[in-house]
1. For the stretch 23-30, check the following and say yes or no: at least one residue is within 13 Å of the ligand (Cβ to nearest atom) and within 17 Å of the chain's Cα centre (by Cα).
2. In the stretch 57-76, which residues are more than 9 Å from the ligand (Cβ to nearest atom), outside any strand (DSSP E or B) and more than 12 Å from PHE6 (Cα to Cα)?
3. Being aromatic (Phe, Trp, Tyr) and more than 20 Å from ASN25 (Cα to Cα), is that true of even one residue in the stretch 224-238?
4. Filtering the stretch 32-51 down to residues that are over 20 Å from ARG231 (Cβ atoms) and of a type in the set (Gly, Ala, Ser), which residue is farthest from the ligand (Cβ to nearest atom)?
5. Would you check if THR209 is within 12 Å of the ligand (Cβ to nearest atom), closer than 30 Å to PRO24 by Cβ and either of a type in the set (A, V, I, L, M, F, W, C) or touching a helix residue (DSSP H, G or I) at 6+ places or on another chain (Cβ under 9 Å) (or both)?
6. If GLU53 satisfies all but one of (1) part of a helix (DSSP H, G or I); (2) in contact with a helix residue (DSSP H, G or I) (Cβ under 8 Å, 6 or more places away or on another chain), what's the number of the condition it fails?
Amino acid sequence: MSIAFFDSGIGGLTVLREAVRRLPNEDFIFFADTLHVPYGPKSREEVTRYVHEAAERMLKQDIKALVLACNTATSVAAETLRQSYPVPVIGMEPAVKPAVEMNEASGRRVLVLATELTLSQSKYMELVSRVDDHGIVDSLPMPELVQYCEQLNLNPAELGSYFRSKFQPFDLDEYGTIVLGCTHYPYYAQLLKQMLPPHIQVIDGSAGTVRRLMGILEQQGTSGGGSGQIRFMNSADDPAYQLKLERAWHLLNTE
Ligand code: DGL
């Protein structure tokens, strides 16, 4: 039985990378919703429908867990998926809690980058109000970044100037941590680290998500039984997108 990883596009591969490192004795399916990427600018209802359609297809495979390697899909559809299907659904949310804890002592601020849909949902607002006692968390949607990423555009000059214009309203000296709250964004983690002031840490939710997945496999007694195989699928059954998934996977693993 495999573990399914799901995202609107190539973003979730950044979470799969962490899973493959930590779980060498599992097999994986990675499913990208090529037909509907990007999710960020769409409505909650639309994205919920797309995620359920994709889940139906993944469940036709022999899977023992479904990881929503997508913050946007999690924020709109994790609960309804859990009610609808018998497999454990592991979602992910922006790593706001660890970021707040990291800055408690220094008094620096936290900047959360995510899609506009993630940031507009009550799930995100509740998370922030639960952990941000001192009002240090700011949020910044980065809609264009998913598009750059889907084009596999890693051009440092172009992306550098995009980031500089987005950060322009912020005094970065005040910030201690930037949270990558969308699984597409870690493709740019290295570039961000190079261009940001050195005291700023850049974090994402991959490690926490994979830890939760491991805990659930353990709990249900379904760990292991595989050999690190990965099968890529996309909702359009598009061979060109399959190649893109393979290229993106190669890029991530040769960083
Ligand atoms: N990778 C996704 C996320 O983590 C969604 C990006 C998009 O499709 O807009 O939020």
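1. The initial filter retains those residues of the stretch 23-30 that are within 13 Å of the ligand (Cβ to nearest atom), namely 30.
So of that shortlist, the ones also within 17 Å of the chain's Cα centre (by Cα) come out as 30.
Yes, the stretch 23-30 contains a residue that is within 13 Å of the ligand (Cβ to nearest atom) and within 17 Å of the chain's Cα centre (by Cα).
2. Kept after step one, since they are more than 9 Å from the ligand (Cβ to nearest atom), are these residues of the stretch 57-76: 57-67, 76.
From what's left, outside any strand (DSSP E or B): 57-62, 76.
LYS60, GLN61, ASP62, VAL76 - these are the residues of the stretch 57-76 that are more than 9 Å from the ligand (Cβ to nearest atom), outside any strand (DSSP E or B) and more than 12 Å from PHE6 (Cα to Cα).
3. Looking for residues that are aromatic (Phe, Trp, Tyr) and more than 20 Å from ASN25 (Cα to Cα), one finds none in the stretch 224-238, hence no.
4. SER43
5. Working: within 12 Å of the ligand (Cβ to nearest atom): yes; closer than 30 Å to PRO24 by Cβ: yes; either of a type in the set (A, V, I, L, M, F, W, C) or touching a helix residue (DSSP H, G or I) at 6+ places or on another chain (Cβ under 9 Å) (or both): yes.
Taking the combined requirement at face value, the residue satisfies it.
6. (2)
Bear in mind that the values in this text are calculations on the coordinates, not laboratory data. If you're wondering where the values come from, they're calculated on a predicted model, not measured in any experiment. No Cβ is skipped: glycine too gets one built from the backbone with ideal geometry, and neighbour counts run over all protein chains shown.
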